[in-house]
Amino acid sequence: MISQINQIQQDIASQIITSIDELEVFRIKYLSKKGIINQIFEDFKLLPPEEKKQVGPKVNELKDYITDVYTNNKNNLSQETSNINKQDLSLPGDFQNTGSRHPISLVKNEINAIFNRLGFTITDGPEIEDDWHVFSALNFPPEHPARDMQDTFFINKTPEIILRTHTSSVQVRVMENTKPPIRMIMPGRVYRNEAISARSHCFFHQIEGLYIDKDVSFADLKQTLLFFAKEYFGSSTKIRLRPSYFPFTEPSAEVDISCNCNGKGCNLCKYTGWLEILGCGMVDPNVLDYNNIDSKLYSGYAFGMGIERIALLKYNVKDIRIYSENDVRFLSQFTGVI
Ligand code: PHE
């Protein structure tokens, strides 16, 4: 009888019950009145007393085993069915929010792409800098107001460690490490110790451009910027260059683009018909020499623009603060993919 019990146990262990119907078949076969377990008990009664002692525990064990298998399967299957029943299949699907790029990234990527097409490669540099890379190597005289505590965030006084106030510092890093020809653009975040208002922030973003080779002329600079303006703001865009001053470029200019109001005058261009977009100039020979590039052999141009400023013109968002407030209602309106 013991081998019969073992056989039954083995049969059950090899069975897989996958539905309520199969479980019912199992119950009838093993646990019903006329089922196998009752039959075993009937047979057990007929055994001689010594054998009963031996077989008794085995019979009980078998009964417990079968009841366990039955209840476990029952629990599993009823959980599955109740899960199915709880789902309301008529409900609409869960709405998945798709993220969107930050408008500053969109503008930056678009500008990068335009200059990429002209053969400029992208590079970057550290935001925490020293005086040499931000000012001295860029020909800032020691008394220049831009070094003033008013504008610069100081991290350490001696040696002087500061937060870069413009991406022109990356020009210096590039010149240190690269032999001309150099044709690079350098996007990045910059910091200035200014009161936060709708028009200025203590941090913002710039893109710097640098081109150094033999015989680079002001005409090359002008044509490159005209190409950029037409690509970015539309093919009918005009540019105008106004003389300006930067310590690291000579001559220097500020560049305006024609306003969409076609010179009629509007709020955005303050009735001038022109919008300022960037600063530029021919790299000052002093800067080339400071950075071990022979200024008798090479010349170059540089330009720098504020990304927030370009974004303002593109999206007409006039409050610079909103770009860094992380308000999803604002950010989700930008769905560009670049
Ligand atoms: N670094 C200048 C600024 O922050 C912009 C600039 C870059 C001007 C390169 C000329 C050449 O205003």
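The values are calculated or read from the model by the stated rules, or taken from the named source; none is laboratory data. No experiment lies behind these values; they were computed from the predicted model shown. Ideal geometry is used to build each Cβ from the backbone, glycine not excepted, and the neighbour counts take in all protein chains shown. Accessible surface areas use protein heavy atoms only, side chains included; no ligands, DNA or RNA. Shrake-Rupley method; radii C 1.70, N 1.55, O 1.52, S 1.80 Å.
Mean residue ellipticity, 222 nm, helices only, the chain: the sum of -39500 (n - 2.57) across DSSP H runs of n ≥ 4, divided by residue count and rounded to 500, is -12500 deg cm²/dmol.
Sorted largest first, the principal axis extents computed over the alpha-carbon atoms of the range 2-82 equal 49, 20, 16 Å.
Note on Lys58: lysines with a C-alpha under 16 Å away, same-chain residues under 8 apart excluded, are Lys45. Scaling the Cα radius of gyration of the chain by the globular reference 2.2 N^0.38 Å produces a ratio of 1.95. The range 260-322 and the range 111-167 have Cα centres lying 16 Å from one another.
On the accessible surface of the chain, probed at 1.4 Å, how many percent belong to carbon and sulfur atoms?
On the way: 9930 of 19390 Å².
Of the solvent-accessible surface of the chain, carbon and sulfur hold 51 percent.
Once all protein chains are placed together, Tyr232 keeps about 20 Å² accessible to a 1.4 angstrom probe.
Separation of the range 1-79 and the range 188-224, taken as the distance between their Cα centroids, equals 84 angstrom.
For the range 105-163, with only Lys/Arg (+1) and Asp/Glu (-1) charged at the beta-carbon, what is the dipole magnitude about the Cα centre, in debye rounded to 20?
It works out to roughly 260 debye.
By the Cβ distance rule of under 4.7 Å, the chain has these cysteines without a partner: Cys202, Cys280. Here the chain carries DSSP beta bridges of which approximately 95% are antiparallel, counting only pairs with both residues inside.
The aspartates and glutamates whose alpha-carbon is closer than 20 Å to the alpha-carbon of Lys157, local same-chain residues fewer than 8 away aside, are Glu127, Glu129, Asp130, Asp131, Glu143, Asp148, Glu194.
Cross-link partners for Lys52 among the lysines, with Cα-Cα distance under 20 Å and sequence neighbours closer than 8 places in the same chain left out: Lys63.
Rounded to the nearest 20, the size of the Cβ-charge dipole of the range 2-82 about its Cα centre is 280 debye, with Lys and Arg at +1 and Asp and Glu at -1. Checked against a 24 Å cut-off, the cross-linked pairs Lys230/Lys296; Lys33/Lys86; Lys238/Lys318; Lys230/Lys318 give Cα-Cα distances beyond that limit for Lys230/Lys296; Lys33/Lys86.
Peptides 90-99, 254-263, 302-311 ranked from most to least packed by the mean count of surrounding Cβ atoms within 10 Å: 302-311, 254-263, 90-99.
Might you tell me the accessible area per residue for the chain, computed with a 1.4 Å probe and given in Å²? I get 57 Å² per residue for this part.
Basic side chains Lys and Arg get +1 at the Cβ, acidic Asp and Glu get -1 at the Cβ, and with that the dipole of the chain about its Cα centre reaches some 900 debye.
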